[in-house]
Structure formats: C-alpha cells, structure tokens
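Here is the structure we will look at.
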Amino acid sequence: MASTLPDPCPDTGGTAAGTAHTPPVDGQAAASRIEAHGIDHIPDSERRGRARELFSVWAAGGINYLALVVGGALVLMGLSLWQSLAVLFVGNLFWILTGWLSVSGPAAGAPSEVITRALYGVIGNRVNNAVVGWVISVCYFALNLSAAAVAAFSLVAKVGIPVNTGVKVAVIVVIAALTLVISVYGHAMIMKLYLPITLVLAAAFVVVAVVVVRHADFGYVPEHHLTGIDLWATVLAGVTLIASGPLSYTTSADFSRYLPRTTPKRAIVGWTALGGFLPGVAVSALGVLAATTVDMTDPQAALEKILPGWFTPVFLLALVLGTIAINALTAYSAGLALQAVGLRIRRSVSVLFDGTAAVALTLYGLLVSNFLDTVSNVMQLTVVLLGPSMAIYATDIVLRRNRYDGPALTDESPDSPFWYRGGVNWAGALSLLAGATTSALCVNTLYFTGPIAAALGDVDLALPVGMTVACLCYVLTTRRSAALRNVTTA
C-alpha cells in the first residue's frame, strides 16, 4: 500500500491514478491539468518524453540570483579571479552525480523519495525523507524565496510604492503563490514552461554578461593574498559551497520518472548534468567577474550601479522569474517527500503545506538574519547530510545495476521486499550516519567547526570525507547483507 492520496484524475471520473489504468495524454493536455500522480508508480502506458527535455528543466533552475550571490561570495572569501573560476568549475562537476541519480527514475517509474526505500528500508526512509528530503528542501525554498523577494522589493520601490512590512509580506506571498501554482500542476507543466523560461532568462543574462565583462577587472588580485593552508581552506570551502547546489538535488529522479524505461542512461545523465553545469558555471562566473569591480556584499544593488537604467527593471524581473523556476522544482520534490514520510494527503496539498513553511522561514530570514551569511553557512552545513546521502544513492544504483522494481517499492507493508529488519535497511542507515558524523567532524562554518577541521587549521574536508566514508561503508555492509537480493526487474 502506498502512503499517498493521488489527486483525482479527470480521465477516470475521479479514480485515483495508480490504482486504475489511465490512458496516455500528450504533454499539452497533461500540462493543463493538476498532476494526478504522487509517489505512486508510473505505468509504462503513461511514460512519455525524451531525455533532452531534462536540459531546460535544470537550466531554468540554474539561471538565478542565488548563483550570482554564490559567485560573488567566492571573491569576498579572498580568492583571486582565476582561483574563483577554477572553484566554480570543480564544484559544478557534481552535477554529474545529479544526472546519475536521474537514471533511477525511468528504471523504477518512481520518484527518488520512493526509490530510496531500497537504501534505507520503508520506515528508515521516512526519517530520511523527513530530514534530507523535506526539511532541507524547505530551507532551500526559503533561501531562494528570500533572494526573489529582495529583487521584487526593489522593483516595487521603483514604481513608487513604499516598501513597508505589509508590502513585503504581500510580495513574498505573491511570489510563493506563483511558484506553487507550477508545482501543484506538476511534472507536465514544468516540462512545458521551462524551455521558454530558459530562453527568456538566458537572453536577460546575456545582457548582464555583456555589461559585467566590460567592467570586469581581469587582473584582479585580492588585497590580502591567500597562501598555504589558508588558501586551501578557502578553496575547499568554496568547492563545498558550489557543490551544495547540485548535491541538494538528490531528488533528480522526480523529473525523469515519466521517461520511457528504454531511455538511454547516457542521455539522461548528459542532459541533466549539462542543464545544471552550464548555467551554474556561467551565472556564478558573472558574480565572480562583477565582484572584481563592485562590492558584491549586496549583489543586487552592486549590479544595478553598472547596468543600464532601462534594463534594471528587466534584470529584477529576471531574478524573480529565475527564482520561481528553481523553487517550483524544490517545492515539487518537497511535496513528494512529505507524502513519502507517511502523510496520506494529496501531492497538491503537500506542496501548499511546503509553501506555507517556506514563507514563514523567509520572513524570519529577511527580518532577522544577514542574507549573505545565511546563504553561505546554511549551504555548507547541509552538505554534511547531502554529500553522504548522494554518495549512498549513487553507489546503490551501481551495485543494483539500476534495477529497481517500481511496484514493489510502493509496498509499505511488512511483506515488502524493502522492509528489511523492522522496516530499516541498516546498511544504508548506518552508512548515512557514519558519513554524516565524519563529515560533521570535518566541517568549518561560521556556526560550527568540527574538531578535525580545527586541528587541520580550519580546512573543511566535510564533502570528500563524508562522501567517501558513506560510500565505503555502504559497499562493505551491503555486500554482507541481503539488501541486494531485493533487486528484481531487469
């Protein structure tokens, strides 16, 4: 029994999708209705699309304000221009892992939130989805919503409306509502909208790129030149900061699960990775270049100083649109995570619940904390969990040769092949605990510095150490357990 209450399907007179056959519909028709499927299995008869459609999904989400902020932050951390660009390149290579996780979607016909029952067991996966899936997703939703709100506040001020507390709340609610409409309508709507969104955002950021490149100081050298252990500590912190973006998408199978199971894995990995990597490098590089000539402590205000006056409103609108795009993906996955925790509510209702929580966090973030510091430290701290989580997921796909029984994964009863012992796959659970613990010992942020990081002169090795330990533990413990015998479909 799947712990999901699908939305009524118009084609079946209200029959829950996943419990009865629903005839396939084209993308245009599917996009105009609320997605009926939640975390239930997608039958082959309803699979559609091509792998290349994944490019625009990830590209639209990557052209956003947060990428500019992170790029500028690298220079503010003390790195030179070329060091910052090298860090951007290395950190964005983690999109390959995001692409690799995507291949499990078509294989299982299920979202990541369900596939990970194979890793942690039915009950263990509920805890995983509650923390790694839902809490972290809502935090990222709030961070991005904060960025969009700041841009929207400036836009409202330019039309002569005083930006008081009431106006701020209204703006945040409107942006969140637009985001949640896309998330509620779901997968087909995302597939339909994200190509034109990608093109519009790309056009806007081309203008930004031309202006920034003209003003950039390509000979920039930081006032305090980093050397030795200080340089390596900053470089590793920067890579962790950049990598936290792709690592946050351990849910990438959510957007590939409607593809036919025969879709080539190479195409799925390639289009997903390229969709995240190219804009991730390009937009963050603009933040780096801008930081060589203006103070990126307040990126939006800094860029407005060098952009043409006529283009500033367009730029602000692009920032808002880009954030809506990335947050719609986050809210969609968070809604599925909430269902996978065990709440028997419709996916559309769970998405609205996510939005409410994110709005509350956004109001706190804007009124209480420093936005730039919050972004940097929260993203680095989440890697403590996200790195090991992604490493275990990627390793499981290799060990199982990407063979997942989608219908069996929806079975949450004690008879499920993924019940393991007491509903927990201890190989996965202990590996995640080991990876997260060692990662926490090696992390270095404003809020917390682990003892190993302190002993190494504040060098942050949380990402490589946590992922390596989690991977090795999972390989060793899984090969000695019955976990892989629960693999089934070819």
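The values are calculated or read from the model by the stated rules, or taken from the named source; none is laboratory data. If you're wondering where the values come from, they're calculated on a predicted model, not measured in any experiment. Heads up, the Cβs are rebuilt from the backbone with ideal geometry, glycines too, and the neighbour counts pull from every protein chain shown. Ligands, DNA and RNA are excluded from the accessible area calculation, which covers all protein heavy atoms including side chains. Shrake-Rupley method; radii C 1.70, N 1.55, O 1.52, S 1.80 Å.
Points worth noting:
- Taking the listed residues T489, T438, T477, the one that is modelled with pLDDT under 95, open to solvent by less than 70 Å² (accessible area, probe 1.4 Å) and in a helix (DSSP H, G or I) is T477, with no other qualifying.
- Test for S154: is it part of a helix (DSSP H, G or I), polar (S, T, N, Q), surrounded by fewer than 24 Cβ atoms within 10 Å (Cβ to Cβ) and in contact with a helix residue (DSSP H, G or I) (Cβ under 8 Å, 6 or more places away or on another chain): yes
- Flag if A391 is at pLDDT 85 or above and out of contact with any Asp or Glu (no Cβ under 8 Å at 6 or more places or on another chain): yes
- Positions within segment 237-262 being surrounded by fewer than 21 Cβ atoms within 10 Å (Cβ to Cβ) and not basic (K, R), in sequence order: P260, T262
- Checking each residue of segment 284-296 against the condition of being under 23 Å from the mean Cα position of the chain (by Cα) and under 30 Å from G124 (Cα atoms) gives no match.
- For segment 140-150, the criterion of being under 22 Å from T323 (Cα atoms), modelled with pLDDT of 90 or more and in a helix (DSSP H, G or I) is met by no residue.
- Qualifying positions in segment 212-252 - within 31 Å of the chain's Cα centre (by Cα), of a type outside the set (A, V, I, L, M) and more than 20 Å from A59 (Cα to Cα): D230, W232, T234, G238, T240
- Residues that are assigned to a loop (DSSP other than H, G, I, E, B), crowded, with 24+ Cβ neighbours inside 10 Å and among the hydroxyl-bearing types (S, T, Y), drawn from segment 62-117: T116
- Among the residues listed as A209, A203, the single one being modelled with pLDDT of 90 or more, in a helix (DSSP H, G or I), among the small types (G, A, S) and out of contact with any helix residue (DSSP H, G or I) (no Cβ under 8 Å at 6 or more places or on another chain): A203
- When the test is whether a residue is under 30 Å from G422 (Cα atoms) and more than 21 Å from the chain's Cα centre (by Cα), D44 does not pass it.
- The selection criterion, being at pLDDT 95 or above, under 25 Å from the mean Cα position of the chain (by Cα) and not acidic (D, E), holds for V465.
- Tabulated pairs, segment 306-318, first of a type in the set (G, A, S), second crowded, with 16+ Cβ neighbours inside 10 Å and assigned to a helix (DSSP H, G or I), C-beta under 6 angstrom, 6+ apart or interchain: A318/L201; A318/A204
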